[in-house]
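Note sheet for the following structure.
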């Protein structure tokens, strides 16, 4: 089974959402911003995890570098902030965080499957 992850990086924690190819949620968890802890959280999914997309406005370098140094294929998509802000306006912060991580994982799937660069259009869907 191929899995795809969306990581929503905040100042003190990261929300991790993992989906399968049919976009079924396999895993969700909020973890402290500690690279070892994040790697430990992702480790059970091993080689099934085909890629990750990270959203963060600031201070994302340590996470992307750490994940890539450990063999993960990663993308950083700062443009997701607008999607998150729309979701906060419609619901609440907790729901917006979960929705964002799922959207990130879905985008990751299409980027890796089709071997295409990130495009902003899918955010409006």
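Quick notes on this one:
- Leading residue by the ranking (surrounded by the fewest Cβ atoms within 10 Å (Cβ to Cβ)) among those in region 1-21 that are in contact with a strand residue (DSSP E or B) (Cβ under 6 Å, 6 or more places away or on another chain) and assigned to a loop (DSSP other than H, G, I, E, B): 1
- Selection of first residues in region 38-60 that are without any contact (Cβ under 8 Å) to a residue 24 or more places away in the chain and of second residues that are loosely packed, with under 11 Cβ neighbours inside 10 Å, restricted to Cβ pairs under 9 Å at least 6 apart or on distinct chains, gives the following pairs, ordered by first then second residue: 58/11.
- Every listed requirement among (1) surrounded by fewer than 19 Cβ atoms within 10 Å (Cβ to Cβ); (2) touching a strand residue (DSSP E or B) at 6+ places or on another chain (Cβ under 8 Å); (3) within 17 Å of residue 18 (Cα to Cα); (4) modelled with pLDDT under 80 is met by residue 73 save one, (4).
The values are calculated or read from the model by the stated rules, or taken from the named source; none is laboratory data. Computed from a predicted model, the values in this text were never measured in an experiment. Cβ sites come from the backbone with ideal geometry, for glycine too, and all protein chains shown count toward neighbours.
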